[in-house]
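Asks: Right, I'll just put the structure down here and ask away after.
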Amino acid sequence: MSPHASDDVSVESISPYGTARATVKDTPLSKEEAKKIDDYFKASLYLCLGMLYLKQNPLLQEPLKVEHLKSRLLGHWGSDAGQIFTYIHFNRLIKKYDLDSIFISGPGHGAPAVLSQAYLEGTYSEVYPDKSEDVEGMRRFFKQFSFPGGIGSHATPETPGSLHEGGELGYSISHAFGTVYDNPDLIALTMVGDGESETGPLATSWHSTKFLNPITDGAVLPVLHLNGYKINNPTVLARISHKEIESLFIGYGWTPYFVEGSDPETMHQAMAATLEKCVTDIRAYQKQARESGKAFRPHWPMIVLRSPKGWTGPRKVDDHYLEGFWRAHQIPLPDVATNAAHLKLLENWMRSYEPEKFFDESGKLIPELKELAPQGNRRMSANPVANGGLLKKPLHMPDFRNYAIEVHRGGTTEAPSMSNMAIFIRDIIAANQTNFRLFGPDETESNKLGGVYQAGKKVWMGEYFEEDGDGGNLDFTGRVMEMLSEHTCEGWLEGYTLSGRHGLLNSYEPFIHIIDSMVNQHCKWIEKSQEVEWRAKVASLNILLTATVWRQDHNGFTHQDPGFLDVVANKSPEVVRIYLPPDGNCLLSCMDHCLRSSNYVNVIVADKQNHLQYLDMEAAVEHCTKGVGIWDWASNDQGCDPDLVMASCGDVPTMESLAATALLRENLPGLKIRFVNVVDLFKLVPESEHAHGLSDREYSAIFTNDKPIIFNFHSYPWLIHRLTYKRPGQHNLHVRGYKEKGNIDTPLELAIRNQTDRFSLAIDAIDRMPSLGNTGAATREKLLNAQIRCKNEAYENGIDPKMLQEWVWPF
């Protein structure tokens, strides 16, 4: 023992080597069953090495030569054996209990593991007929892996049975739970890499059992795979005592079962017994809850599997450790093309799996092993849940027009856009009680969406206090999923939609950045899925951003960041959509459109406070359909050239732009002003770059080629310049937006700091029209004085002047 080691840890007790050590003491497999499972295990491992190394000679029917190797060796070996081991043993239980199951590979960079199973089960050849179950098909199957024109080295969308790529780590458990919500018969067998277990998103997702109802939902069976190493470091959980690991997961609310060792004969018995114990426990909990009608929170089973990294490989090569050490993480023998001894070692290693025994001369898996896998859709590689678009049913949608806010004259009526939209979402939930959920990190009430609780409260499987009955809105069978982890909520939603259902995530705008990378990965998944013919379209991932920057004046600088739009705008135009509805009726129209769509990531930005309303429902539908348009009622350039174009995008910026327009018209009545509003942000992009983009002719018809444009934008101003790059008249475009200036402010003061307030906009417009001469200069001075007075009054009284709070469109 190291002199620095903890007193209760012995190296032997946490070693991945030796005969099996298991919590469950049983030997359920006959000698023949164990032999067949071990043979299937060897055949799978052979395929994994073939994918990593070979482009020719797939069954080693001749001596291995350098020309049989790929020129670049790419991929991961370290986690393959443990994943295959788990997968094969669960297949036995699928057949025995007729289970509906999917496999989620947290260490998805170990894709050879899941690809090998899809190939042996025949699914791969069904969806890719050229990768047939024969020698030539196997050769193509090997060559394509991590090869130009082939497939990636993760469990990518091209992988049958996968809905989780596992390239970026941390989301396997939350994705798994998303698939089993409202899916009562499903078990999601989920491999969690011990490197992945160190991530923040994974750590919070263990709490997902507190939101799992054993009556209405399925179950997740996690297998924490302690193979000991990441790329070049030990993993944290692999180097602590049994007691610590057990205490950790008991504390999370799980029942951990251990399976540890490297001896295949005893490990097969231990894993078979342990998985069966877990499955029978799951079924017993579900039976108890469903027969009694009383939901409760069991301490669900999980497995801690400790096996060597790169299990079954050479323990040492050239006196350096390989198996059971970090060197087994990626390509275990990287220099086989230049080292003849290592090439021979690779050949002997591959032949040790005895491929000639398990594949016949034509290259097909022998019938005795073929029969071990389930049939049809019971194969985890063929389960339609992992191709959720096959199961997706359209939402039952009420007519959003029935929720219209009455608007008689634009800019004169104030109403609660978000609270009104909540009634629309309430009725969607009521009509779709098994395939729509609302997700969010503890903000549904704060975001003015509390009206939804009339159709479905917040899921809560924890303990209840008396005071929860006084507005807690908790329920075992709720439809709202709240946990103060944006990662977990996003993971649930992704799993829920990828498995064929529909949902909406609502979040404070500034903190959606927490899931930037998750959304990025989902965009990549959707984009690649569109290139895979057999992948059916899934419901769009819908994100509602509220509590927006311009009304976070009271929370201060930390709560002011609209930059998520920049992140989304970087993604593929085939996948992303961004909408900034200016009022309540436009919000309804946008939300209806997004919830009906497929294979997109839709982002809607709308503030939660009461705001002025501009368009009646008919006008709102027309405006949202166009995505950008001239508001005739707010313009006075009818029948002539405008002197100025005032443009806006976002609810608060629109109000300030309208107020600036009114100031200009009141003080410079001869000025001809065109008012333009943008709802669909990607309308600004050229049509050659985005499906929603305007042609240059359409763009010029709205914004003109030669007039100054004062564009007030919700987010950072440079995004607009980027989207309109090379547009006609681009040099006339002057964008104002959030410039990272904030504090504890009033709404007007925050706008003034960033030059998005009505006075700054009007002054900016005057500065862009030198032809106004002295008249413009006098008006400019008047507006500047008014701005100073309003700012001083805010400093004095802590609120904006009443004339600003109660401002309405005057014309």
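The values are calculated or read from the model by the stated rules, or taken from the named source; none is laboratory data. No experiment lies behind these values; they were computed from the predicted model shown. Cβ placement follows ideal geometry from the backbone for every residue including glycine, while neighbour counts extend to all protein chains displayed. All accessible areas refer to the heavy atoms of the entire protein, side chains included, with ligands and DNA or RNA removed. Shrake-Rupley method; radii C 1.70, N 1.55, O 1.52, S 1.80 Å.
Asks: Please report the carbon-and-sulfur percent of the accessible area for the range 663-811; probe 1.4 Å, protein heavy atoms only, DNA, RNA and ligands left out.
Replies: Numbers: 3370 of 6820 Å².
Solvent-exposed carbon and sulfur of the range 663-811 make up 49 percent of the total.
Asks: Quick one: net charge of Ala455's neighbours, Cβ under 10 Å, K/R +1, D/E -1? Each step should come with its number before you reach the end.
Replies: Values: positive: Arg426, Lys457, Arg479; negative: Asp427.
Here the charged neighbours net out to +2.
Asks: Quick one: grab the alpha carbon gyration tensor of the range 618-685, order the square roots of its eigenvalues as a ≥ b ≥ c, and give me rounded if a/c is under 1.5, else prolate or oblate depending on whether a/b is larger than b/c. Before the final figure, lay out each step's value.
Replies: Numbers: a/c = 2.05, a/b = 1.63, b/c = 1.26.
Prolate, because a/c is 1.5 or more and a/b exceeds b/c.
Asks: Right, another one. Over the Cα atoms of the range 340-444, what is the Rg over Rh ratio if Rh follows Kirkwood?
Replies: Numbers: Rg = 29.2 Å, Rh = 20.8 Å.
Result for the range 340-444 is an Rg/Rh of 1.40.
Asks: Another question about this same structure. 5 Å is the cut-off here: which amide hydrogens, built 1.01 Å from N in the peptide plane, fall below it relative to Ile578, excluding neighbours closer than 5 in sequence?
Replies: Under 5 Å from the amide H of Ile578: Val603, Leu681, Phe682.
Asks: Hey, another quick one. Quick one: pull the percent of accessible area on the range 589-631 belonging to carbon and sulfur, 1.4 Å probe, ligands and nucleic acids left out.
Replies: On the way: 610 of 1350 Å².
Of all accessible area on the range 589-631, carbon and sulfur atoms account for 45 percent.
Asks: So what is the 222 nm mean residue ellipticity for the chain from helices alone, if each DSSP H run of at least 4 adds -39500 (n - 2.57) and you divide by all residues, rounding to the nearest 500 deg cm²/dmol?
Replies: Working: 25 runs with 289 residues, N = 811.
Value at 222 nm, helices only, nearest 500: -11000 deg cm²/dmol.
Asks: Here's something else I'd like to know. For the range 48-101, what is the convex hull (Cα atoms) projected area averaged across all directions, in square nanometres? Each step should come with its number before you reach the end.
Replies: Values: hull surface 21.3 nm².
One quarter of the hull surface, i.e. the mean projection, equals 5.3 nm².
Asks: Let me ask you something else. All other residues with a Cβ under 12 Å from the Cβ of Gly469 taken together, and with Lys, Arg as +1 and Asp, Glu as -1, what is their net charge? It would help to have the intermediate numbers written out before the result.
Replies: Details: positive: Lys457; negative: Glu466, Glu467, Asp468, Asp470, Asp475.
Cβ neighbours under 12 Å give a net charge of -4.
Asks: Okay, moving on. If packing is taken as the mean number of other Cβ atoms within 10 Å per residue, what is the order of 514-521, 800-807, highest first? Don't skip to the answer; put the middle values down first.
Replies: On the way: 514-521: 19.2, 800-807: 14.1.
Listed from highest to lowest mean packing, they are 514-521, 800-807.
Asks: Let me ask something additional. Of Thr413, Pro355, Gly450, which is farthest towards the positive pole of the range 338-480's charge dipole, taken about the Cα centre with +1 and -1 on the beta-carbons of Lys, Arg and Asp, Glu respectively?
Replies: About the Cα centre, the residue reaching furthest to the positive side is Pro355.
Asks: A further question on this structure: How much FRET efficiency would the formula 1/(1 + (r/R0)^6) give for Val11 and Ser446, where r is the Cβ-Cβ distance and R0 is 51 Å, rounded to 0.05? Write out the running numbers ahead of the final one.
Replies: On the way: r = 51 Å, r/R0 = 0.99.
Efficiency, rounded to the nearest 0.05: 0.50.
Asks: Taking the range 627-805 on its own, what percent of its Cα-Cα pair distances exceed 23 Å?
Replies: Numbers: 6356 of 15931 pairs.
Summing the P(r) of the range 627-805 above 23 Å gives 40 percent of all pairs.
Asks: Same structure again: Under 13 Å from a point placed 7 Å out from the Cα of Ala431 along the Cα-to-Cβ direction: which residues of the range 571-594 have their backbone N that close?
Replies: Flagged as within label range: 592-593.
Asks: Oh, and also: Lys pairs in the range 27-118, Cα-Cα under 29 Å, at least 8 apart or on separate chains: how many?
Replies: 15
Asks: Send over a whole-number figure in Å² for the accessible area per residue of the range 531-604, probe 1.4 Å.
Replies: On the way: 1960 Å² over 74 residues.
So the range 531-604 comes to 26 Å² accessible per residue, rounded to a whole number.
Asks: Moving on. Please tell me the relative contact order of the range 400-611 in percent, rounded to the nearest whole number, where contacts are Cα pairs under 8 Å and at least six residues apart.
Replies: Values: 390 pairs, mean separation 54.3, N = 212.
Contact order relative to length: 26 percent.
Asks: Looking only at Cα atoms, what is the convex hull volume of the range 30-383 per residue, in Å³? Kindly include the intermediate steps, with their values, before the conclusion.
Replies: Working: hull volume 44.1 nm³, N = 354.
Once divided by residue count, the hull of the range 30-383 is 125 Å³.
Asks: Which residue, chosen from Pro367, Thr86, His342, occupies the Cα position most advanced towards the positive end of the dipole of the range 30-383, where the dipole is computed from +1 (Lys, Arg) and -1 (Asp, Glu) charges on Cβ about the Cα centre?
Replies: Farthest towards the positive end: Thr86.
Asks: Using only the alpha-carbon atoms of the range 519-609, report the extent along each of the three principal axes, biggest first, to the nearest angstrom.
Replies: Rounded to whole Å, the extents work out to 50, 28, 15 Å.
Asks: I'd like to know which of Pro441, Pro394, Tyr128 lies farthest towards the positive end of the charge dipole of the chain, counting +1 on Cβ of Lys and Arg and -1 on Cβ of Asp and Glu.
Replies: The listed residue farthest towards the positive side: Tyr128.
Asks: Moving to a separate point now. Before anything else, pin down the relative contact order of the range 180-256: Cα pairs under 8 Å, at least 6 apart, normalised by residue count, whole percent. Working shown, then result.
Replies: Values: 94 pairs, mean separation 28.8, N = 77.
In percent, rounded to a whole number, it is 37.
Asks: Over all Cα pairs of the range 400-611, how is the pair count split among 5 Å bins, expressed in % and running from 0 up to the last occupied bin?
Replies: 1, 7, 15, 19, 20, 17, 12, 6, 2, 1, 0
Asks: Considering only lysines 8 or more places apart in sequence, or on different chains, count the pairs in the range 400-611 whose C-alpha atoms sit under 26 Å apart.
Replies: Here the count comes out as 10.
Asks: Rounding to the nearest 20 debye, state how big the charge dipole of the range 509-556 is about its Cα centre with +1 on each Lys and Arg Cβ and -1 on each Asp and Glu Cβ. Present the calculation step by step, with values, prior to reporting the outcome.
Replies: On the way: 5 positive and 6 negative charges, 30 e Å.
Result for the range 509-556 is approximately 140 debye, rounded to the nearest 20.
Asks: So with the 1.4 Å probe, I'd like the accessible area per residue for the range 67-121, rounded to whole Å². Mind dumping the intermediate values first?
Replies: Working: 1160 Å² over 55 residues.
Here the residues of the range 67-121 average 21 Å² of exposed surface.
Asks: How many Lys pairs in the range 627-805 lie less than 27 angstrom apart by Cα atoms, where the lysines are 8 or more positions apart or on different chains?
Replies: Counting lysine pairs in the range 627-805 gives 20.
Asks: Would you work out if the range 680-774 is rounded, prolate or oblate? Take a ≥ b ≥ c from the square roots of the eigenvalues of the alpha-carbon gyration tensor; rounded if a/c is under 1.5, else prolate when a/b is larger than b/c, oblate otherwise.
Replies: Details: a/c = 3.04, a/b = 1.37, b/c = 2.22.
Here the range 680-774 falls in the oblate category.
Asks: Once amide H atoms are placed 1.01 Å from N in the peptide plane, what residues at a sequence separation of 5 or more from Arg736, or on another chain, have their amide H within under 5 Å of its amide H?
Replies: Phe711, Asn712, Phe713
Asks: While we're on this one: With the full set of protein chains in place, find how many percent of the accessible area of the range 333-440 is carbon and sulfur; take the probe as 1.4 Å. Before the final figure, lay out the partial values.
Replies: Working: 2610 of 4940 Å².
In the range 333-440, the share of accessible area belonging to carbon and sulfur is 53 percent.
Asks: Can you pull the one-decimal nm distance between simple spin-label points at Asn705 and Gln530, each 7 Å off the Cα toward Cβ?
Replies: 3.2 nm
Asks: Next question, about the same structure. From Cα pairs below 8 angstrom and at least 6 apart in sequence, can you work out the relative contact order of the chain, rounded to a whole percent?
Replies: On the way: 1714 pairs, mean separation 93.5, N = 811.
Once divided by the residue count of the chain, the mean separation gives 12 percent.
Asks: Ordering Ser540, Ser446 by how much accessible area each has at a 1.4 Å probe, largest first, what is the list?
Replies: Ser446, Ser540
Asks: Could you provide, to the nearest whole Å², the per residue accessible area of the range 683-740 with probe 1.4 Å?
Replies: Result: 43 Å² of accessible area for each residue.
Asks: Rounded to the nearest 0.05, what FRET efficiency is calculated for Asp767 and Glu698 with R0 set to 30 Å and r the Cβ-Cβ distance?
Replies: Values: r = 28 Å, r/R0 = 0.95.
The computed FRET efficiency comes out at 0.60.
Asks: Also, I was wondering about something else. How large is the direction-averaged shadow of the alpha-carbon convex hull of the chain, in nm²?
Replies: On the way: hull surface 155.0 nm².
Average of the hull's projected areas for the chain equals 38.8 nm².
Asks: Using a 1.4 Å probe on the protein heavy atoms only, what accessible surface does Val180 show? Give it in Å² to the nearest 10.
Replies: 0 Å²
Asks: Sketch the reach of a paramagnetic label on Tyr97 as a point 7 Å from Cα along Cα-to-Cβ, and name the residues of the range 286-310 whose backbone nitrogen lies under 17 Å away.
Replies: 286-291, 298-304
Asks: Counting Lys +1, Arg +1, Asp -1, Glu -1, what net charge surrounds Arg736 among other residues with beta carbon under 10 Å of its beta carbon? Please report the intermediate quantities before stating the final value.
Replies: On the way: positive: Lys739; negative: Glu656, Asp757, Asp764.
Residues near Arg736 contribute -2 overall.
Asks: Okay, moving on. If you rank Ile710, Ile366 by how much accessible surface each has, with a 1.4 Å probe, what is the order from largest down? Intermediate results must be reported in sequence, preceding the final value.
Replies: Working: Ile710 0, Ile366 35 Å².
The residues order as Ile366, Ile710, largest area first.
Asks: Among 604-616, 621-633, 493-505, what's the highest-first ranking by average C-beta atoms within 10 angstrom per residue? Kindly include the intermediate steps, with their values, before the conclusion.
Replies: Numbers: 604-616: 23.4, 621-633: 18.4, 493-505: 26.6.
Going from most to least packed, we get 493-505, 604-616, 621-633.
Asks: Note the full-extension length gain between Lys210 and His513 as 0.36 nm times their separation in residues minus their Cα-Cα distance, in nm to one decimal. Write down the numbers at each step before the final one.
Replies: Values: separation 303, 0.36 × 303 = 109.08 nm, distance 2.52 nm.
My answer for the length gained is 106.6 nm.
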